[in-house]
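Engineer: One structure, pasted below without further comment.
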Amino acid sequence: MENLDVKVLRTLHGWRRSGKRALLATVVRTWGSSPRPVGSIMALCEDGAVVGSISGGCIEDDLIHRFTTANAGKDEIRSLPLGPPIFIRYGVTAEEAHRFGLPCGGTLELLLEYDPDAISLGELVQGLEQGQLMRRTVRLSDGTVTLDASPGTPYVNATEVVNTFGPEYRMLLIGAGQLTEYLATMGLFSGFAVTVCDPREQYRGGWNVPGAQMLTGMPDDVVMAFKPDRRSCIVALTHDPKLDDLALLEALNSKAFYIGAIGSRRNNAARRQRMIDHFAETEESLARLRGPIGLYIGSKTPAEIAVSVMAEILAVKNEVILPQEMDVARAKDGGAPRSSDVVGDHNDGGVAE
């Protein structure tokens, strides 16, 4: 599954290139609780087709009705004037918040752009597909769009709205075993571009995760060629030091936001010691290396362990500070209680070692 923003923009580009009228809605401000963050986008076609999300669904339904009605010439009050970009707010009153399914006290403001230029959309999509960061600036007076590759955060002022897209988050998985299949699938539907590396032919033979790129080189060479950046995560899953260790050492020289390896507490301690003894690493230089990876949720099967690992990756990506009780090694060393000890449940605690 591709990145949601890319999917929205590619679909919108297709509509406009074929001559269909369309609307791009962008969340530009929020107050209180909001179902989607600033910068979220969705697109509507004149025939009622929709892609993307700006709320839990009720605002989308309202916009679909208003936009298709306006296009059909049945909107006598012209609640959606088809011209330059406009702002529209939802959830200003308690009645509206209830009507549109917004959280209590939640309000969001949208920028609505009518019939975005197909050429500009094509350039934006092409840049994102090439892994570039793209900044899109909309001039409010007439809807003119400019694109550049400068970094920045979304903002709105009296004359323009700026939104930043991409580059995609990327996931590199070392090893093509069963756990990797589950984790790759979860990475794809979480919006990551997933690459799997395994030089072992016997493991690649049964690989079947459409959408994940498979590479056959040695993992350390693949990591160097991958050029991990701040939107990259690298996870070693082979349990083979010959494959995992060198790849992890290369990853630690990068800006990847998440670097981790599967294994028990004992195996992870042995890995760290190998790196210190044979590769002149230190406890400080290994501080970013995560292991045992995953959150402490009682995982036993490969699918459950993948859920645990994916949850930790997303938490780190979203800069969430996790409670110490969720750390696998700490929880197991401390004998963390299970829910069955508290309420009679039978849910296990801990990630498989």
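Engineer: Of all accessible surface on segment 192-342 at a 1.4 Å probe, what whole percent is carbon and sulfur? Don't jump to the answer; show the numbers that get you there.
Structural biologist: Values: 4000 of 7850 Å².
Carbon and sulfur: 51 percent of the exposed surface of segment 192-342.
Engineer: Here's something else I'd like to know. How much length is gained on full extension from Glu201 to Thr69, taking 0.36 nm per residue of separation minus their Cα-Cα distance?
Structural biologist: Values: separation 132, 0.36 × 132 = 47.52 nm, distance 5.72 nm.
Separation in residues times 0.36 nm, less the Cα-Cα distance, equals 41.8 nm.
Engineer: What lysines could a cross-link reach from Lys317, if we take a straight Cα to Cα line under 19 Å and drop same-chain neighbours fewer than 8 places away?
Structural biologist: Filter leaves Lys227, Lys255.
Engineer: Going by amide H atoms built from the backbone, whose H comes under 5 Å of the H on Leu215, apart from near neighbours?
Structural biologist: Answer set, sorted by chain and number: Val196, Cys197, Asp198.
Engineer: Continuing with this model, one more query. Show me, for segment 167-184, the HN-Hα J-couplings you get by feeding each phi into the Karplus relation (A = 6.51, B = -1.76, C = 1.60, θ = phi - 60°), rounded to Hz, glycine and proline as x.
Structural biologist: In residue order, the calculated couplings are x, 4, 6, 10, 10, 10, 10, 9, x, 10, x, 5, 4, 5, 4, 5, 5, 4 Hz.
Engineer: Now for a different question. Once R0 is set to 41 Å, what does the formula 1/(1 + (r/R0)^6) return for the Cβ-Cβ distance between Thr282 and Arg89, expressed as a FRET efficiency to the nearest 0.05? Don't jump to the answer; show the numbers that get you there.
Structural biologist: Values: r = 54 Å, r/R0 = 1.31.
Computed FRET efficiency for Thr282 and Arg89: 0.15.
Engineer: Right, something else. Around Asn253, with a cut-off of 15 angstrom between Cβ atoms, what is the net charge of the other residues, counting Lys and Arg +1 and Asp and Glu -1? Could you put the intermediate results ahead of the total?
Structural biologist: Values: positive: Lys227, Arg230, Lys255, Arg288; negative: Asp220, Asp221, Asp229, Asp245, Glu250, Glu281, Glu284.
Residues near Asn253 contribute -3 overall.
Engineer: Can you list the lysines whose alpha carbon sits under 21 Å from that of Lys332, skipping same-chain ones fewer than 8 residues off?
Structural biologist: Hits, sequence-local ones excluded: Lys300.
Engineer: Sequence-distant or interchain residues sharing an amide H contact under 5 Å with Ile86, placed H: which?
Structural biologist: Under 5 Å from the amide H of Ile86 lie the amide H atoms of Leu112, each far enough along the sequence or on another chain.
Engineer: Gly263's amide H: which non-local residues (gap 5+, or another chain) put their own amide H closer than 5 Å, with H modeled 1.01 Å from N in plane and none for Pro or chain starts?
Structural biologist: Amide H neighbours of Gly263: Ile293.
Engineer: Could you give me the ³J(HN,Hα) list for segment 23-28, computed from phi with Karplus coefficients 6.51, -1.76, 1.60 and θ = phi - 60°, whole Hz, x at Gly and Pro?
Structural biologist: The phi angles translate into 10, 10, 10, 10, 6, 10 Hz.
Engineer: Please list the equivalent ellipsoid semi-axes of segment 182-310, computed as the square roots of five times the alpha-carbon gyration tensor eigenvalues, in descending order and whole angstrom. Please report the intermediate quantities before stating the final value.
Structural biologist: Numbers: eigenvalues 98, 63, 44 Å².
In descending order, the three semi-axes are 22, 18, 15 Å.
Engineer: How much length is gained on full extension from Ala149 to His239, taking 0.36 nm per residue of separation minus their Cα-Cα distance?
Structural biologist: On the way: separation 90, 0.36 × 90 = 32.40 nm, distance 3.95 nm.
Answer, rounded to one decimal: 28.4 nm.
Engineer: Count the net charge of all other residues whose Cβ sits under 11 Å from the Cβ of Thr216, scoring Lys and Arg as +1 and Asp and Glu as -1.
Structural biologist: The answer is -1.
Engineer: Given R₀ = 30 Å, FRET efficiency for Glu123-Cys58 by Cβ-Cβ distance, to 0.05?
Structural biologist: Taking R0 as 30 Å, the efficiency between Glu123 and Cys58 is 0.35.
Engineer: Still on this structure, I have one more. From the phi of every residue in segment 275-291, what ³J(HN,Hα) in whole Hz does the Karplus formula 6.51 cos²θ - 1.76 cosθ + 1.60 yield, where θ is phi - 60° and glycine or proline is x?
Structural biologist: In residue order, the calculated couplings are 5, 6, 6, 10, 10, 6, 7, 10, 4, 5, 5, 9, 4, 7, 7, 8, x Hz.
Engineer: Any lysines with Cα under 27 Å of the Lys20 Cα? List them, leaving off those in the same chain fewer than 8 positions away.
Structural biologist: Reachable lysines: Lys7, Lys74.
The values are calculated or read from the model by the stated rules, or taken from the named source; none is laboratory data. Note that this is a predicted model, so its numbers are computed, not measured. Don't worry about glycine lacking a Cβ; one is built from the backbone with ideal geometry, like all the others, and counts go over all protein chains shown. Note: accessible area is taken over every heavy atom of the protein model, side chains too, but ligands, DNA and RNA are not part of it. Shrake-Rupley method; radii C 1.70, N 1.55, O 1.52, S 1.80 Å.
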